[in-house]
1. Residue under question is C:Y128, and the condition is that it be in contact with a Pro (Cβ under 7 Å, 6 or more places away or on another chain), crowded, with 20+ Cβ neighbours inside 10 Å and more than 13 Å from chain B (Cβ to nearest Cβ); does it hold?
2. Suppose we keep only residues that are part of a helix (DSSP H, G or I), touching a residue at least 24 places away in the same chain (Cβ under 8 Å) and charged (D, E, K, R) within segment C:258-277. Which one would you say is farthest from the other protein chains (Cβ to nearest Cβ)?
3. Out of D:L64, D:L79, D:L94, I need the residue that is of a type outside the set (D, E), within 19 Å of D:V15 (Cα to Cα) and in contact with a helix residue (DSSP H, G or I) (Cβ under 7 Å, 6 or more places away or on another chain). Which one?
4. Could you list, in sequence order, the residues of segment A:95-123 that are farther than 23 Å from C:L241 by Cα and more than 11 Å from chain C (Cβ to nearest Cβ)?
5. Inside segment B:41-97, can you point out the residues that are more than 19 Å from C:I92 (Cβ to Cβ) and charged (D, E, K, R)?
6. Can you tell me which condition C:L143 does not meet? The list is (1) buried (at least 22 other Cβ atoms within 10 Å of the Cβ); (2) within 23 Å of A:K168 (Cα to Cα); (3) within 14 Å of chain B (Cβ to nearest Cβ), and all the others hold.
7. Anything in segment C:350-369 that is out of contact with any strand residue (DSSP E or B) (no Cβ under 8 Å at 6 or more places or on another chain) and more than 7 Å from chain A (Cβ to nearest Cβ)? List them, or say none.
8. Taking D:L239 as meeting all but one of (1) closer than 22 Å to D:G123 by Cα; (2) in contact with a Phe, Trp or Tyr (Cβ under 7 Å, 6 or more places away or on another chain); (3) within 14 Å of another protein chain (Cβ to nearest Cβ); (4) modelled with pLDDT of 85 or more, write down the number of the exception.
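The values are calculated or read from the model by the stated rules, or taken from the named source; none is laboratory data. All values derive from a computational prediction rather than experimental measurement. Here the Cβ positions follow ideal geometry from the backbone for every residue, glycine too, while neighbour counts run over all protein chains shown.
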Amino acid sequence: MSDQNKNLDAKNLDAKNLDAKTIDAKTIDIDKWLKAWKAHGAYTLSKHDPHKDGIAVSAFLPLTALLGAAKELYQNKFLLLDLSALEAQEGYVVTYHFDHLESSFRLAFRALVSRKKPSLPSIHPIFPGAEWHEREAYDFFGLTFDQNPNLIPLLLPDDFAGPPPLRKTTAALAPIAKLGLLGQVEILDADFGALIGQTGGLSS
Amino acid sequence: MLKAIWDNLKGLYSLLVGMSITGRYLLSPVETIHYPRKVVDDAILTSFRGPIRLTLGKKNPQETRCVSCQMCVKACPGGCLTVTKGDTKAPITWLYDFSYCCLCGACVETCPAGALEFSHKVYWVTLTREELIMDLLKDLKTRTAGPNPNPSSNPSPASPQPSSVPKDAPKASPAAPANPVASQTADQKADQKADQKAGPVASPNGHPEGAKAAPKDPGASPNGHPEGAPAALKEPGV
Amino acid sequence: MTSGPLNMVNPFAVLESPGTLAGDFYARSFEKKAGPNRVILNLGPQHPSTHGVLRVLVELDGEYVVRAEPVLGYLHRMHEKMGEVKTPWQYIPNMGRVDYLHPLAWNWAFVGAAEKLAGLTVPERAEYLRVIGCELNRIGSHLLWWGAFVMDLGGFTPILYAFEEREKINDILQIITGSRLTMANFRFGGVITDADDRFIGLIQEFIPYLRKRLVMYKGLVTDNVILRRRLEGIGPMDVDLCQRYGATGPILRAAGLPRDLRKDCPYGVYPKFNFPIPSGPVNDSFGRYLVRLKEIETSLDIVEQAVNSLPNGPIMMDKAPKVSFKLPAGETYFAVEGARGQIGVHLVSDGGKNPYRVKLRAPGFSNLSLFAEAAKGSLLADAIAILGSLDLVIPEIDR
Amino acid sequence: MFLSLAVFVQIIVAVLLIIGLMVANAVAMVYMERKVAGFIQRRPGPYEVGPRGTLQAVCDSMKLLAKQIYRPGNADLILYYLAPILAFFPVLLLFLPIPFGPYLTPLPVNDGVVLILAFAGLGVLSNLLAGWGSSNKYSLLGAARAVAQTVAYEIPMILALLAVVLLSGSMDLKSITEQQGQWPWEWNVVLQPLAFFIYLISLVAETNRAPFDLPEAESELTAGFHTEYSGMGFALFFLSEYANMLLVSFVAAVFFLGGYRGPIADGFWWLFIKAYLLMFFMVWIRWTFPRVRFDQLLNLNWRWLLPLGLLNLWLTAIVTKLLV
């Protein structure tokens, strides 16, 4: 095994610089993802200005479509950056950020989880790294991820009795629309639109 | 088989090269600054952020420029400052609890009157939590009152305030109840002399022998770089 | 008599309070899945080679690691809650304390996210100073990793040489940031202190000095046959493993994919400099070792180019926001290339005094999550070598 | 009678002197090691206690004496306390056959080599007992490694010494020294360079030091077999480690570097100079190289040192039997 490294030397570690494709997000096939998510039954599809919002495109997906969407992204060389959960007026918004391995293209899909039943499917079969992100969300928000192999507290002590720390008091809650999670949004699902108080069509 | 022998010989050669390098360092001069005997040169510390202090007054260096507008008290993330307004604009008490301070400079930057600045004190240590609560007004007077006003001295720990201090414990220093702090024993001159000299034996960061690579290398570690430092290393107490 | 594997080993040992299970909640939940006659070992949280306070539960069959599970949370300070109770300006010092080895990158991530949200433009000179500070900090972080990594493998001297260089870098960065470890000289719209000629002089003196020292490092450690044998072929991590676990930075680059945000998704004035992105021909621990040493040289090139072409001008935008700066409503995700990988800040604001949500994406968090799979079946000594080659900084992982 | 009174008294006096020598050597070695380590790492080393830090080792031993001996809860009573004692005394016996000077041999034995090799194996028992007795998983791993390492590295050591014995024709250390001349080119190292090289590696491995310090690998097993020892127990382990170092350096000096024979005047001082030079070399190695992995350690021994030792022994046999 180590013979193969024998000729290796720090000097000849050439910087094989695959011409890193700094493709601007606009040229990337955004529509491909919008179409894919629409097929998954997305509630909303939104485009973002990548330089300002950091992501090119995002969508609210139903809980059942999370696993399928994650598998598609995995096959197209996407890497799960993080799972950022936050509590809005309508419920918990769980944002999955993804980063493309070979170009400067980031996208995200989100899931809205009601406060009454704060649980959603785990995507660890495809991205094992997500197990820790999910356990962290379990610690901070009390969101349970079913089929997560090891759903025990990750960062908080195991005998932590207090309420999940990052939950907000009802007064401090803000609606999704105000938090700017939608960008140039196209509402596909009527009652979801009503829930977040947005009308259909690509409102800028 | 021959190739394995050749690899091992090359390996042996690399071991000898490694030993020659450490051998060379064995004989080369010591790099570290020997703290009690040598002190980091002040030229390096001009930009170091030590505990804050009041700037000298424009007209009369004894007076502070502070107009007790409480802007700094609001801005401080750690809630270290307590400024109480006297009858005129000038503050009558100016308490600064260094144990909560993260040296972020919010107070220095928000002060409209430019009344605050950073001191460059590195060798400064106290033994009790109460000594961390500093009275900057008193320190301003001591700095400017002495024969040779030495602006760079550290804000002296809080001395007992006459009863004018409001009875309820100031919010900023819940740790120190309002009863008078251990009274200031050493007189000001000795106090200034103490921290100018090599500082008390409890050196701020006794390096444990064979210091494991604690990832957080000691904040105020007194290592300078002799060949790089423009000013030569000066003996302490100069 | 508890049934812990150790007691089988020493049947005469009498526990003071019989009946209480050994270990705590995590050890017991880990032990439930243990195989027959296996030893459950706690690497950490007080352990010389877990940098900071990391605890890894390891199931050993003899000296071979059968199963490993890192246990986090010993250094958890809840920075994300602090983000929601402090004003954005007061939160900047936190950024220096999330990862004290590369604080300026974290400063850049948070301040950059706020600037993107509020649409602030940073003057040219401040951007250059940010690049110089961030790259020097990266060199300091890699140097400390190098010393601590060789110390994990048993060599005690190199870390002291690495600290000589780090002290020189700390002196340089102390001029513009005022502190030596938890630095925070970024402000919304610029930088706080300008670079005087002493700062430039020290840097121009430091660059050739470090290049000469890197040759010594190669002779003392890189070419050392014991180190080579300890690292080659240990813990191979290919691109697929990195993709599944979200590992970025030197680990992904050593796996053969030159993915670097400074080049692929440029921010600040990085497009103005040309620098190669080293990617390892070999994806084991030795490949990661070489990639980081090459990155030190790359960062030196960047600093050299930046210092030589430092424009003069203001270091703060003209109507720079004050301490009472309020973020406009909206959401943004800004990522920066830190020493350990992609540092991301997901900043959401509802226009109030404090941010609504600050999610910190730490590269070490995902890098460590692949340790359980990478170290399966390796020797205990190799598991330590793999752990060291991931360049972990526990405060950043626990946040 | 087997032991005449005079020889018995001589042994008792010699043992007391040797204990004094071991304590003094430990103090000197601690100081040298920390100073050399300091200067290699470009820091001054111990400096505060006594003139330029000379009393540092004395104060360390005082501290260790005064420290409370803390025995872990489920540690085995007998084994825990037996291990340090067992670490210290076998090394004591190993000093007896060594000729310190023309007339200064504590116990003149005509087959000193057999005595040394027999007692050399005892040291590892203490590591095993310490590892097992302190009932701590780390020390158990350290003990297992110590046993495998010491057993493995005894064989190349024996082969190297046998080559010299074959050369000089006698097992008595004194005659081995006498046969070597006063000048360095007359010493055995010139005739047996390969044996000296093999012995050098195995002496570093025997004393669990430097690149082979796996039983007490700080970064893996926190402190190996003496994790649970503090105070006097740890001091005894420390003392016996340095005594072991001194011993193997003496044996190397006697066999390869001409023992007490030196250019101008023979005497025990030459033996000490050579031994301390060798120990300086071991300290120098310790602060330069990373640690070898356990299977590489055994590979090096079984696949490289052992064949080389046999080859060297075979060559010496041919040379001495046919040509002389």
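1. For C:Y128, the condition - in contact with a Pro (Cβ under 7 Å, 6 or more places away or on another chain), crowded, with 20+ Cβ neighbours inside 10 Å and more than 13 Å from chain B (Cβ to nearest Cβ) - is met.
2. C:K272
3. Residue meeting the stated conditions: D:L94.
4. Once the filter is applied, which keeps residues that are farther than 23 Å from C:L241 by Cα and more than 11 Å from chain C (Cβ to nearest Cβ), segment A:95-123 yields A:A111, A:L112, A:V113, A:S114, A:R115, A:K116, A:K117, A:P118, A:S119, A:L120.
5. Listed by number, the residues that qualify are B:D41, B:D42, B:R53, B:K58, B:K59, B:E63, B:R65, B:K85, B:D87, B:K89, B:D97.
6. So C:L143 meets the others, but not (2).
7. Those that are out of contact with any strand residue (DSSP E or B) (no Cβ under 8 Å at 6 or more places or on another chain) and more than 7 Å from chain A (Cβ to nearest Cβ): C:G351, C:G352, C:K353, C:N354, C:G364, C:N367.
8. So the condition that D:L239 fails would be (3).
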